[in-house]
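Taking it in order: structure first as structure tokens, then the write-up.
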């Protein structure tokens, strides 16, 4: 027993260094400001009130939430049919399609986003292809469309994998039983498949919404610096303005929003009525 206890110490040390200490530093900077000759730090709530009362920052927060929600909805609408088709198909072809979907994730996300810069430029690959058919050119780079497209492209594999995992583990005899009881394919899907796959959908929503709402390099590259989200504001405060206190306060606000989102998702996931189990 003592040997197992000794094995825990490296993990506890890693947890302290990689999680506890950074979070403590964020809390320290968020609730303090530069002091004077006597004290290095001075407690204050000005960093939070500055963000929550400034219309510019509120608009940035709203824009970030809208972009994240739109990205999540698109990922669900595109990801569910793809995952459903793979799960219903043969197992060998399913493995091939899952490998194909996860293949881009093996490449650094920053590199993949840079590739889309070249694709969406006015003289880029997409406009060149459309030009062959006499269509365009269209201005797509540095627009909302480009930012949403970049987020959907980068995050949709997480949605597909989570939904596919739920569908693949589903007991197919339940669908057969529903069909034997007279349910048509639509009724079987709505009454059996969809409720049982809901945990995967909710997990996918979490894995898409959370990075989308705090992303900074996708809007920076595909938005051209003209499309500012909360992640870009945090980056600017730390790297450009040097206002670590304000940047930490914004980070803490976003952490609270993310934790609330995770709590709501978990609540829906564990609610029998929401999962269709209460009927």
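Which angle from 0 to 90°, rounded to the nearest 10, does the C-alpha axis of helix 2-15 make with the longest principal axis of the chain?
Orientation of helix 2-15: about 70 degrees from the principal axis.
Sort out for me the Cα centre separation of the stretch 42-66 from the stretch 197-273, rounded to whole Å.
14 Å
By average Cβ neighbour count within 10 Å, what is the ranking of 156-169, 126-139, 223-236, 78-91 from highest down?
156-169, 223-236, 78-91, 126-139
For a quick size check, give me the Cα extents of the stretch 198-248 along its three principal axes, largest first, whole Å.
43, 26, 10
Where does each of 29, 9 land when they are ranked from fewest to most other beta-carbon atoms within 10 angstrom?
Lowest to highest Cβ neighbour count: 9, 29.
In degrees from 0 to 90, rounded to the nearest 10, what is the angle of the helix 21-30 Cα long axis to the longest principal axis of the chain?
Taking the Cα atoms of the chain, the angle to 21-30 is about 60 degrees.
Going from the alpha-carbon gyration tensor of the stretch 146-226, what semi-axes, largest first and in whole Å, does one get by taking the root of 5 times each eigenvalue?
37, 11, 8
Would you work out the Kirkwood radius for the stretch 56-270? I mean one over the mean of 1/r across all pairs of different Cα atoms, in Å.
19.3 Å
Going by Cα centres, the stretch 104-137 and the stretch 141-184 are how many Å apart?
The distance from the Cα centre of the stretch 104-137 to that of the stretch 141-184 comes to 26 Å.
Hey, what number do you get for the chain at 222 nm if only DSSP H runs of n ≥ 4 count, each worth -39500 (n - 2.57), divided across all residues, to the nearest 500?
Value at 222 nm, helices only: -23000 deg cm²/dmol.
Every read-out reported here was derived from the displayed coordinates using simple, explicitly stated rules and does not represent laboratory data. Please read all numbers here as calculations on a predicted model, not as lab measurements. Note: ideal-geometry Cβ built from the backbone for every residue, glycine included; neighbour counts use all protein chains shown.
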